[in-house]
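I have placed the structure first, in the form of structure tokens, so that the comments after it can refer back to it.
The values are calculated or read from the model by the stated rules, or taken from the named source; none is laboratory data. Treat the numbers as computed from the prediction; the structure is a model and nothing was measured. Here the Cβ positions follow ideal geometry from the backbone for every residue, glycine too, while neighbour counts run over all protein chains shown. Quick note on the areas: whole protein, heavy atoms, side chains included, nothing else; ligands and nucleic acids left out. Shrake-Rupley method; radii C 1.70, N 1.55, O 1.52, S 1.80 Å.
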Amino acid sequence: RRLGLSGKDTHDRFVRVNESLLAVRDQRDQPGRDDKILAGWNGMMIGGMADAGRILENPKYIEAGRRAADDIMSTMWSRQGGLLRTKRDGVARIPAFLDDYAYMIRGLLRLQQATGDTQYLEQAVVLSDQARERFWDDEHGGWYETLEGQSDLFVRGRSFYDGALPSSNGVMLNNMVDLSEQTGKTQYREDAVAAISAVSPDIVRAPRSA
């Protein structure tokens with residue numbers, strides 16, 4: 001009011017000022033943007049989308065999960081090489097860790113539940129078999145989190161504890177239960193029992209941490 005400007009005049013002036021500021025800011029070096037695609041994080045999102053679409057009866061969420069799963073399995077996985085961990089600018093690389101397999105298997109199982117499409121169950125079975133080949137601990141049960149012989153690690157880690165992300169062993173254990181029920185294969189149930197046996201002493205010792 002003091003400047004004799006209407007609301008529209010004030011808005012138009014702010015628009016011009018912001019455009020001028022943006023033009024100057026755009027001349028600066030811009031912050032980096034993390035635009036890589038991670039198989040594991042997509043797996044978690046695929047499962048969430050599938051569950052949301054099924055529970056809320058909203059097909060757009062299921063379709064988003066389907067599109068993501070189809071892209072991961074067509075560009076970041078092969079039957080010979082297995083799952084790859086990351087993709088950027090259309091190039092996928094780095095052999096996947098256990099968490100990538102665990103979350104993708106979970107996402108595929110949830111997508112199969114939401115769509116009834118058996119291809120996602122079949123893909124979950126293949127990924128589970130590959131994960132067992134790459135990460136299974138024959139001596140104690142459960143899954144290692146990294147590949148054998150990985151040059152940048154002194155030892156192969158294996159954890160059943162949740163951190164910022166759910167425990168990959170815990171997710172795999174639940175995957176085995178689901179796969180056992182859906183396929184009838186006893187191997188999945190046996191692996192689940194072996195994994196539970198391996199972690200049972202820790203659960204008894206610190207149940208609130210499990």
(message) Checking the structure you have, find out if any residue of the stretch 156-177 is surrounded by fewer than 18 Cβ atoms within 10 Å (Cβ to Cβ), within 30 Å of ALA206 (Cα to Cα) and either among the β-branched types (Val, Ile, Thr) or in contact with a Pro (Cβ under 6 Å, 6 or more places away or on another chain) (or both).
(response) yes
(request) Would you point out the residue of the stretch 79-104, among those that are in a strand (DSSP E or B) and surrounded by fewer than 17 Cβ atoms within 10 Å (Cβ to Cβ), that is farthest from the chain's Cα centre (by Cα)? (result) VAL91
(message) Among the residues of the stretch 28-49, what is the count of those that are of a type in the set (Gly, Ala, Ser) and modelled with pLDDT under 95?
(response) 1
(message) Of everything in the stretch 181-199, what is open to solvent by 60 Å² or more (accessible area, probe 1.4 Å) and part of a helix (DSSP H, G or I)? Give them in sequence order.
(response) GLU181, GLN182, THR186, GLN187, ARG189, GLU190, VAL193, ILE196, SER197
(request) Give me a count of the residues in the stretch 75-111 that are over 18 Å from GLY47 (Cα atoms), hydroxyl-bearing (Ser, Thr, Tyr) and at pLDDT 95 or above. (result) 2
(request) Please name all residue pairs, on different chains or six or more residues apart, with Cβ atoms under 8 Å, provided the first residue is in the stretch 98-126 and is of a type in the set (S, T, N, Q) and the second residue is open to solvent by less than 10 Å² (accessible area, probe 1.4 Å). (result) GLN112/TYR120; GLN112/ALA124; GLN113/ALA50; THR115/ALA50; GLN123/ALA69; GLN123/LEU108
(request) Enumerate the pairs (first residue in the stretch 19-40 and open to solvent by less than 100 Å² (accessible area, probe 1.4 Å); second residue anywhere and modelled with pLDDT of 95 or more and hydrophobic (A, V, I, L, M, F, W, C)) with beta-carbon separation below 7 Å, excluding pairs fewer than 6 apart on the same chain, so at least 6 apart or on different chains. (result) ALA39/ILE72; ALA39/MET76; ALA39/LEU83; ALA39/LEU84; ALA39/ALA96; ALA39/MET104; GLY40/MET104
(request) Filter the stretch 41-67 down to residues that are loosely packed, with under 13 Cβ neighbours inside 10 Å and assigned to a helix (DSSP H, G or I), then give me how many there are. (result) 4
